[in-house]
Amino acid sequence: MSRIGKRPITVPAKVQVTFDNAKVVVKGPKGELSRELPANVILSQEGEILTVNRRDESRVSRQLHGLFRTLVSNMVEGVSKGFERRLEIQGVGYRAQVQGRNLLMNMGYSHQVQIVPPEGVQFAVENNTNVIVSGYDKEVVGNTAAKIRAVRPPEPYKGKGIRYAGEVVRRKAGKTGKSGKK
């Protein structure tokens, strides 16, 4: 039995979960999320406890059991609390600012880079170098943060670029001068 799949999901009081055999819809104070359910996964609810079970013991059912338990759990957590990813910008002259809903970044290119947030995602900037991506869908928040990081990933020689908060960038030694005389 899947260790993750057999764990129950506690649904907060302010969150509504409705489901049938093909779709699950989760509504909460932050927003509404829906996801198609595969035929191998069965959802059941008793009070505020939601459980995910598998229809049979086939290989595909075992693979999807833990995955969909985690996806439904993330949906419940997202519409109640929300998710956020923090990014740090390092480098001389590299900075970011929020203009309207969009994120404008000066990253050493000849032009500013503008990132338009998808539906349900907000940007915040602290001290011109710390970007916070927040929203209620964990997948969309993570993908948006990855797109921002891809604008200028951290390079291994000086460590300049955009990195996730707490990410450790392995540094390489630079070139060494010639040793010996001609």
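One residue is enough: does the stretch 126-136 have a residue meeting the conditions open to solvent by 50 Å² or more (accessible area, probe 1.4 Å), farther than 30 Å from ILE9 by Cα and free of Cβ contacts under 8 Å to residues at least 24 places away in the same chain? Scanning the stretch 126-136, I find at least one residue that is open to solvent by 50 Å² or more (accessible area, probe 1.4 Å), farther than 30 Å from ILE9 by Cα and free of Cβ contacts under 8 Å to residues at least 24 places away in the same chain, so the answer is yes. If the condition is being surrounded by 14 or more Cβ atoms within 10 Å (Cβ to Cβ) and more than 20 Å from PRO153 (Cβ to Cβ), then the stretch 96-116 contributes GLN97, VAL98.
Among the residues of this structure, GLY120 does not count as one that is without any contact (Cβ under 8 Å) to a residue 24 or more places away in the chain, touching a strand residue (DSSP E or B) at 6+ places or on another chain (Cβ under 7 Å) and at positive phi. Among all residues of the stretch 24-35, there is none that is more than 25 Å from the chain's Cα centre (by Cα) and of a type in the set (Asp, Glu).
Taking the stretch 7-29 as the range and being assigned to a loop (DSSP other than H, G, I, E, B), within 15 Å of VAL76 (Cβ to Cβ) and not hydrophobic (A, V, I, L, M, F, W, C) as the test, the residues that pass are ARG7, PRO8, PRO12, LYS14, GLY28, PRO29. All conditions but one from (1) open to solvent by 30 Å² or more (accessible area, probe 1.4 Å); (2) among the aliphatic types (A, V, I, L, M); (3) touching a strand residue (DSSP E or B) at 6+ places or on another chain (Cβ under 8 Å) apply to VAL92; the one that does not is (3). Could you list, in sequence order, the residues of the stretch 30-60 that are of a type outside the set (D, E, K, R), free of Cβ contacts under 8 Å to residues at least 60 places away in the same chain and either loosely packed, with under 12 Cβ neighbours inside 10 Å or not in a strand (DSSP E or B) (or both)? Result: LEU37, PRO38, ALA39, ASN40, SER44, GLY47, ILE49, SER58, VAL60. Of everything in the stretch 38-72, what is of a type in the set (Val, Ile, Thr) and under 9 Å from GLY5 (Cα atoms)? Give them in sequence order. Result: THR51, VAL52, THR70. Consider the stretch 7-29 and keep the residues that are without any contact (Cβ under 8 Å) to a residue 12 or more places away in the chain and of a type outside the set (A, V, I, L, M). The one that is nearest to GLU119 (Cα to Cα) is THR18.
Condition check: hydrophobic (A, V, I, L, M, F, W, C), part of a strand (DSSP E or B) and modelled with pLDDT under 90. Does ILE4 satisfy that? Judged against the criteria, ILE4 is not a match. For the stretch 145-165, filtered to residues that are under 20 Å from the mean Cα position of the chain (by Cα) and free of Cβ contacts under 8 Å to residues at least 40 places away in the same chain, the residue that is surrounded by the fewest Cβ atoms within 10 Å (Cβ to Cβ) is ALA150.
The values are calculated or read from the model by the stated rules, or taken from the named source; none is laboratory data. Just so it is clear, the structure is predicted and the values come from calculations on it, not from any experiment. For neighbour counting, all protein chains shown are included, and Cβ atoms are generated from backbone atoms with ideal geometry for every residue, glycine included. Calculation scope for accessible area: heavy atoms of the full protein, side chains included, ligands and nucleic acids excluded. Shrake-Rupley method; radii C 1.70, N 1.55, O 1.52, S 1.80 Å.
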